[in-house]
1. With the condition being within 14 Å of the ligand (Cβ to nearest atom), on the phi < 0 side of the Ramachandran plot and at pLDDT 95 or above, I'd like the helices (runs of 4 or more DSSP H) fully within segment 1-100 carrying at least 2 qualifying residues.
2. For segment 128-157, what are the residues that are loosely packed, with under 15 Cβ neighbours inside 10 Å and either touching a His at 6+ places or on another chain (Cβ under 6 Å) or of a type in the set (Lys, Arg) (or both)?
3. Let me confirm something: among Ile140, Ile167, which residue is modelled with pLDDT of 95 or more, in the same structural domain as His99 (by TED's automatic domain parsing) and within 13 Å of the ligand (Cβ to nearest atom)?
4. Which of the residues that make up segment 82-97 are farther than 19 Å from Val172 by Cβ, out of contact with any Asp or Glu (no Cβ under 7 Å at 6 or more places or on another chain) and open to solvent by 30 Å² or more (accessible area, probe 1.4 Å)?
5. Out of the residues in segment 101-137 that are among the hydroxyl-bearing types (Ser, Thr, Tyr) and more than 13 Å from the chain's Cα centre (by Cα), which is nearest to the ligand (Cβ to nearest atom)?
6. Scan the strands (runs of 3 or more DSSP E) fully inside segment 135-175 and keep the ones with 3 or more residues being within 14 Å of Lys92 (Cα to Cα).
Amino acid sequence: MDYTKLSKEISYALRHAPWEYELELDSEGFVPIQQLIEAINESGNYNRPITKSDLEHIIETSEKKRHEIQNDSIRALYGHTVSTHIKKNQIKPPDILYHGTSHKAFEQIMSNGLKPMKRQYVHLSVDTDTAIRVGKRRDIDPIILKINAAKAYQEGIVFYEGNDKVILADFVPTKYIAVF
Ligand code: HQG
């Protein structure tokens, strides 16, 4: 079983294109596991039919907590681009957060703030290692931004739960952003 390929397909289905799988996300992004399994098995993309254990295996072994199972449903924890708004729990963020990005995006971020761009939320990292990993997807030598989340929160910027490494926000104004 190609678990990397399966994990990517699940992210695609749950973050970006549930309709291609005849799935409908609920307000928190969940779909019934059985429906997801049946839709994926219809494609015949894998060397055998996938099962709930395969999904559990991906969640347990992945270096990133991308998906979550609750009862008989599964969801992506972050990364959504679907047009229906996925409701996330508001949280008080850690005092400092980070964001790894490209040199190309940097100037625009410093004049317009951090925006969700194609996703529903801005994705922030709880530590510099995570931010570096995120930034390296776009730049071999990424810029690491340091976010004064304590001040932003105090002044009304809303933060949301992502996973243990990722915190979400609607928007982060420039005044809370510095280069690390
Ligand atoms: C940038 C992956 C211009 C932003 C990762 C980023 C993460 C701006 C890009 C998760 C901007 C959007 C999300 C502005 C922000 N002007 N550019 N005003 N504001 N940007 O991929 O945070 O492996 O949508 O800096 O690890 O890079 O898929 O967001 O470079 O956790 O599970 O616009 O996706 O996780 O890029 O990554 P993305 P991201 P997975």
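1. Values: elements: 3-11, 33-43, 52-61.
Passing ranges, in order: 3-11, 52-61.
2. Selection gives Lys136, Arg137, Arg138, Lys151.
3. Details: Ile140 fails: within 13 Å of the ligand (Cβ to nearest atom).
On inspection, the qualifying residue turns out to be Ile167.
4. If the condition is that a residue be farther than 19 Å from Val172 by Cβ, out of contact with any Asp or Glu (no Cβ under 7 Å at 6 or more places or on another chain) and open to solvent by 30 Å² or more (accessible area, probe 1.4 Å), then Ser83, Thr84 are the ones that fit.
5. Here is the first cut: in segment 101-137, the residues among the hydroxyl-bearing types (Ser, Thr, Tyr) are 101-102, 111, 121, 125, 128, 130.
Restricting the remaining residues to those that are more than 13 Å from the chain's Cα centre (by Cα) gives 101-102, 111, 128.
Values: Thr101: 3, Ser102: 6, Ser111: 8, Thr128: 14 Å.
Restricting to residues being among the hydroxyl-bearing types (Ser, Thr, Tyr) and more than 13 Å from the chain's Cα centre (by Cα), the top hit is Thr101.
6. On the way: elements: 143-148, 159-161, 166-169.
In segment 135-175, the matching strands (runs of 3 or more DSSP E) lie at 159-161, 166-169.
The values are calculated or read from the model by the stated rules, or taken from the named source; none is laboratory data. This one's a predicted model, so the numbers in the text were calculated from it and none came from an experiment. Neighbour counts are summed over all protein chains in view; Cβ atoms, including those assigned to glycine, are modelled from backbone coordinates with ideal geometry. With ligands, DNA and RNA removed, areas are computed over all heavy atoms of the protein, side chains included. Shrake-Rupley method; radii C 1.70, N 1.55, O 1.52, S 1.80 Å.
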